[in-house]
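See below for the structure under consideration.
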Amino acid sequence: MSSCSKEELIALILQLCARVSELEAQLAKNSRNSSKPPSSDGYEKPKPKSQRKKSGRRSGGQPGHAGSTLKLVERPDQTVVCRVEACECGCDLRGCEAVEVERRQVFELPVMKLHVTEYQAQIKECPQCGQPVKAVFPAVVSQPVQYGPRARAAMTYLSQYQLLPFERLQELLHDLFQMDVSQGTLNNVLKRGYEKLAVFEEQVKERIRDSEVVHFDETGMRVVKDLNWLHVASTPELTAYHIDAQRGQPAMAAMGILPDFAGTAVHDSWASYYAYECGHALCNAHHLRELIFAHEEHGQQWAARLKACLLEANEEVMATNTRGATELPTQRLQYFSKRYSRILREGRKELPLVPAKPAGQRGRVKQHKVKNLHDRLGNHKTEVLAFLYDISIPFTNNQGEQDVRMMKVKQKISGCFRSFEGARIFARIRGCLSTVKKQGHNAMQAMTMLFEDHVAFTRRMTELAEPT
């Protein structure tokens, strides 16, 4: 080993200390202080430190809460009379009229089996011209043997909403309905539903483009073992998904929403979003977790103060919304804005020092992650505090993350998509199901309507989905 000067040894030691600190910080990350999912915490989960304050109410159902206890119905499907034939004294009561009845009801599932309807098209010979004339089958009866709309809706609902893999779905259909369905049939049903939803998906995207506030997010999805990206654009009433091999701007352009979007995009500060000239608002749930990490792992007092500032500001916005006001008073807006800037300004002296670049090393020395966080919060102050300037903008991107969550559950159950076509089918159908549930519709009934008449389905399911 060649000899090193004292200065070089000091630089090397500082570099190694910084590396050790970085590795220790990685080990300290969990779902409470970073964007890591709770499933990555393992058995040693972090102690819960919720940002929510106690409401003062007891746990369980609150006064006025509508329960779900079984109640007697006025018109049962079947009535069984339990007759009195004799008294204990031996008197015969069969000829006596009942003076009163005591009612009890049993709620039971009907015997479930396929109901087969045969359609017979008459063929008659015209007495005038002698040509055979055949009756027309209903539009939904297109094959000699086929499954009806409700059966196809059940396959779609169980596969795409309840996330059953094909083998378990086959088993369920056999056990409950005595249906022996091949995986090829299941795939054809899903493909047919995907095709019927093409116009619906475009109308949903159009309404999302016209919305004032839209949540955007993206997450990795495995397709044929390769990393792809699932993109979501959503509002409280609408959901659209897009599967793409790219994570950045090409995929966002292919999705067809952001290029023509003029409202406010709520996201997690992924750089590609800033390529679009719409309004931007950043997810403060991400910031709170990063501030917790900076404070607890790196002793950054400014991070704790800024976290408190953001939470207080959010509480004041929620109180303003509760009162029915449309904006925060100017005085309070200025107070939080100045407080935010002062905390960042005073926090500069606490930022970790970056070691000097060792002699001979090329390029810039990588900044400390706490410094990156501080820079982002300063450079994007307007986007961080967007929820203050316009109280209709949410504090977090929870809506987008919630709409992504079940897609991750799908991947956990099935591992990955076996084809890109299957991934596209799932994204479109799942986006439809998410939208109809947000609109308050029954998902199974919606799928039945889709397979009965997809034109009527599109008209019915989008008429409530106005921009918000």
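Each value in this text was obtained by applying a stated rule to the coordinates, not by laboratory testing. Remember, it's a predicted structure, so these values are computed and weren't measured experimentally. Every residue, glycine as well, gets a Cβ built from its backbone with ideal geometry; the counts of neighbours run over all protein chains shown.
Overview of values
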{"read-out": "Of all DSSP beta bridges in the chain, antiparallel share, percent nearest 5", "value": "70"}
{"read-out": "Sum of -39500 (n - 2.57) over DSSP H runs of 4+, divided by residues of the chain (222 nm, nearest 500)", "value": "-14000 deg cm²/dmol"}
{"read-out": "Between 0 and 90°, nearest 10: helix 183-196 axis offset from the chain longest Cα axis", "value": "80"}
{"read-out": "Degrees separating the helix 284-298 axis from the principal Cα axis of the chain, which is the longest one", "value": "40"}
{"read-out": "Size of charge dipole - the stretch 81-238 - debye, nearest 20, with Cβ of Lys, Arg +1 and Asp, Glu -1, no other charges", "value": "700"}
{"read-out": "Pairs from Lys6/Lys371; Lys191/Lys410; Lys307/Lys369; Lys71/Lys438 whose Cα-Cα separation, in the structure shown, is over 22 Å", "value": "Lys6/Lys371; Lys71/Lys438"}
{"read-out": "Fraction of the pair-distance distribution of the chain above 38 Å, Cα-Cα pairs, percent", "value": "47"}
